[in-house]
Structure formats: C-alpha cells, structure tokens
Amino acid sequence: MRANPHRHLTDQLNGVRNLGILAHVDAGKTTVTERILFVTGATHRRGEVHDGTTVTDFDSQERDRGITIFAAAVSCVWDDHRINLIDTPGHVDFSDEVERSLRVLDGAIAVFDGVAGVEPQSEAVWRRADRYGVPRIAFVNKLDRAGADLDAAVESIRERLHEAPLVVQLPIGQEDGFVGVVDLLRMRSLVWAEGGDACAEGPVPEALREEAHRRRRLLEETVAELHPVALEEFCAESSISARTLSTALRDLTRTGEGVVVLCGSAYRDRGIEPLLDAVVSYLPSPAEVPAVRGTWDGTVCERAADPAAPFAALVFKVSSTATGRLTHLRVYSGTARKGDMVSDAGAGRVERIGRILRVQADRHTEVDRAVAGDIVAVVGLKAARAGATLCAPAAPLVLEPPTVADPVVFVA
Ligand code: GDP
C-alpha cells in the first residue's frame, strides 16, 4: 500500500478545534476569551474589558461601545491542540455576522451569567446554533457575584433551552468565597489562588465529599439514561467509570442529546483550565464533522475535510487592518499555498492568494499553506466578500448558504 503523504496533515486535523464563544451581551464572552488567550500563553498580559485593552476587540468603535461588534479569529494552543477562537458577536443587531461565524464553527462554548442564567438573547443565539448543528458545552460564569447560583442556572438550561444538562463540576464556596470546583469525573478538587495563579489539584474537601458523591451519582444516572454503553455499564456495575463517562459525554455533546455544564469566574481567572480541557475532550475536530455541501451547475457536491481534495473555503469575514485587507477563511477541503489561484465561483472571478496568516491575538504569523480544517487570514484578495466561496478553479462550487433562518422569538 502506498503511504498517504497527507497522513500527518490528517493527524494534525484531529488536534484542531474551531471554536466559537456564544453569549448574551455582558455574560462575559470577552473576558472568557481574554482568559483563554492568557492561560494558553497566546497573550502575556490580561486584557480588561473596562480599560479597553482586550485583544479580541481590536476595533476602536468596539472599545468605545464596550461590546463585541466585529468578529475576529484568534489562535492558541492547549494540550497539543490548536484552538482557533472565532469571535461571534453576541449583540442581536449583528446577526448576519453571527450567522456567518456560526457557519464556520465546529463547536462552541455557550457562556451564561451565573446570576441571570439563560437570558432571552442567550436563548436566541442558542437556537441559531441549533440550526447549524453546532455542538456546545456550557460555561456558567460569574460565580463570584452576589446571588450567583449554579443550580438555578442549570435549571434554566433545562427549562428554557429544553436541554439535558450534564453537570460535571461542583463549585467550592460561593459568591465572594467561590475558590474552585470539584471535578466530578476524576473526583478531585481544583482550587485557584488569589491573583489567578495556576490551579492546585487536591482531594475533595471533607465537607463536600457527600455532596460530590451525590452529584456524581446524578451525573451517572443522567448519562445512563441517554447513552446505551454507559447504561450497560451502569446496570452491570451499578456505577460508570470516569473513562466511560468521558466517552459518553463526548458522544452526547456531538449528537446534541446533552449539554456538559462547567462553571467558574472568568474575571477572577477561575475555571478556565478545566473549560479548555472540556473543549479538547468533548468538542469535535474538523475531521469529525460532516462534509460540507455545495452546488455547481445544479449538481450537489460534497467536500470532506481532506487536505488532498479540491480546495474549498468560505470567507466569513473581511477586515481592513494595518497589514492590509484581510480575508478570513475557513478551509473545508484541500490545500492552498501562497501564490495559488483561487476562484470565487459565485462571482465568476479568479484571484491570487498572497500571504497566508494565522492570527494569534495581537500578532500575525505567516504560514506557507492553509489546509482543510484551518482558519486563516489571506492578504492579497481584493474582491472576495464575506459569505463567498473560494475554490480550486478546476473544481468550482458554491458552498450551500446557511439554512434559512427561522424567525427568532424573544421571550420576555
Ligand atoms: P461580553 O459582553 O459577553 O463580552 O462580556 P464582558 O466580558 O465584556 O463582561 C461584561 C462585564 O462583566 C464586564 O464588566 C466584566 O468585567 C464583567 N465580568 C466578566 N466576567 C466576570 C466574572 O466572572 N465575575 C464578575 N463579577 N464579573 C465579570
């Protein structure tokens, strides 16, 4: 058998997570993004929303208004995985941009406010993500705030989103005294020191042991109801191992049958490391999501995440920066190199790819190619607009437009 020269690229693909952070305005999306970039070492200082130094909000209008208006894609590394964070605007006014960014995600973290729980806007964004079949995990943020209540937030996920919450942590302390979590899979505690230093792992505190066991049991029962393999183990052993639970949580996240719930306080740097572990464990890589569909001349064609297949990418954002006009792409199949010609088949135009950049928070790194699964920015394309398909000129197609949006119903 001939060795597949793209094998290592396919392996690399398994280590990629194209991730969005979805939230109601003010739930803490920008702060969570900042903390992820900081914890992964992509930035070396903490950005603060109130002093206008966050790196994802690099547009001044956005800083002035204090909300995330313009989606930016940033890249960071956690546990040998490349995490591409595609910033999705939370404000309903920018729904075109929300739709486009949802289209290019393989998974998302939904951030909820620990005091308010699920709010009407979070419900609206959740429904949109449903339409694109984006697998999600939930992060209940702001557990340090007065009135924060994880259980109430979890109930609102069940009642307002009609989802099965799979709570994998028990908070240690509440409100101002919220210092850490018990990891219910490993039955270990994670406690963060004041000032946001790395978390310390230890045994479950004596006072929480009974409660932690009760909640672990609840998690096992819920998972057993939803997952046949877990059910089998539960029936045979009267319990489910951490390993089986983890596999089941991964499957349930991908099918959307359950939502893994974690908690923390982004502002106080609490809960970000386990959140990143959950992203890597439960959300899919580009190789694990279904092939995208496109059409050409009335014929439907599919493009799988294969670096050897014909090139196909979607422009999800165009921005003008000091580096020039940046065309942000999600590559679905094939490989493009600097200097390659690509076709915007829908517009009947062929253009040359100039430089290919990976955006890492506040800096760009030039890369020699963009392969299936990548999120990159290209310099040199003059005409391609957001929403356009770019493809190999010899294999033209237009990627299917997003599912027609249902009217969004806001519940007061
Ligand atoms: P976004 O609109 O969803 O991007 O939310 P931001 O990240 O801008 O946060 C909104 C406000 O909540 C800001 O004033 C943050 O400092 C604050 N905030 C974010 N996370 C937390 C948290 O964990 N605890 C507390 N107490 N405040 C937070």
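Could you please state how large a percent of the accessible area of segment 85-161 is carbon and sulfur, counting protein chains only and using a 1.4 Å probe?
The computed percentage sits at 43.
With unit charges on the beta carbon (Lys/Arg positive, Asp/Glu negative), name the residue among 242, 173, 192 whose Cα is farthest towards the positive pole of the charge dipole of segment 170-295.
242
From the phi of every residue in segment 230-237, what ³J(HN,Hα) in whole Hz does the Karplus formula 6.51 cos²θ - 1.76 cosθ + 1.60 yield, where θ is phi - 60° and glycine or proline is x?
5, 4, 4, 5, 4, 5, 6, 10
How charged is the neighbourhood of residue 315? Take every other residue with its Cβ under 14 Å from the Cβ of residue 315, and add Lys/Arg as +1 and Asp/Glu as -1.
Net charge around residue 315: +2.
Leaving out ligands, DNA and RNA, what percent of the accessible area of segment 272-398 is carbon and sulfur, probe 1.4 Å?
49 percent
What does the accessible area per residue of segment 256-412 come to in Å², with a 1.4 Å probe and no ligands, DNA or RNA counted?
41 Å²
Can you give the net charge of the other residues whose Cβ lies under 12 Å from the Cβ of residue 384, counting K and R as +1 and D and E as -1?
+4
Quick one: which of 202-214, 330-342 comes out on top by average Cβ neighbours within 10 Å, and what's the full order, highest first?
330-342, 202-214
Can you compute the modelled spin-label distance between residue 352 and residue 297, with each label point 7 Å from Cα toward Cβ, in nm?
Between residue 352 and residue 297, the simple spin-label model gives 2.8 nm.
Among the aspartates and glutamates, which fall within straight-line cross-link reach of residue 382, defined as a Cα-Cα distance under 12 Å, with same-chain neighbours fewer than 8 residues apart omitted?
Counting by Cα, and skipping residues close in sequence, residue 382 has these aspartates and glutamates nearby: 344, 351.
Taking the Cβ of residue 344 as the centre, find all other residues whose Cβ is under 11 Å away and add up their charges (Lys, Arg: +1; Asp, Glu: -1).
Around residue 344, the charge tally is +2.
What residues qualify as long-range amide H neighbours of residue 332, i.e. H under 5 Å apart, gap of 5 or more or another chain, H built at 1.01 Å from N?
312, 313, 314, 373
Counting Lys and Arg as +1 and Asp and Glu as -1, each charge on the Cβ, what is the dipole of segment 202-258 about the Cα centre in debye, to the nearest 20?
Here the size comes out at about 220 debye.
Before I look further, what does segment 121-200 give for accessible area per residue, probe 1.4 Å, in whole square angstrom?
On a per-residue basis, segment 121-200 sits at 39 Å².
The values are calculated or read from the model by the stated rules, or taken from the named source; none is laboratory data. What you are looking at is a predicted structure, and each value in this text was computed from that prediction instead of being measured. Cβ: placed from backbone, ideal geometry, glycine included. Neighbour counts: every protein chain shown. All accessible areas refer to the heavy atoms of the entire protein, side chains included, with ligands and DNA or RNA removed. Shrake-Rupley method; radii C 1.70, N 1.55, O 1.52, S 1.80 Å.
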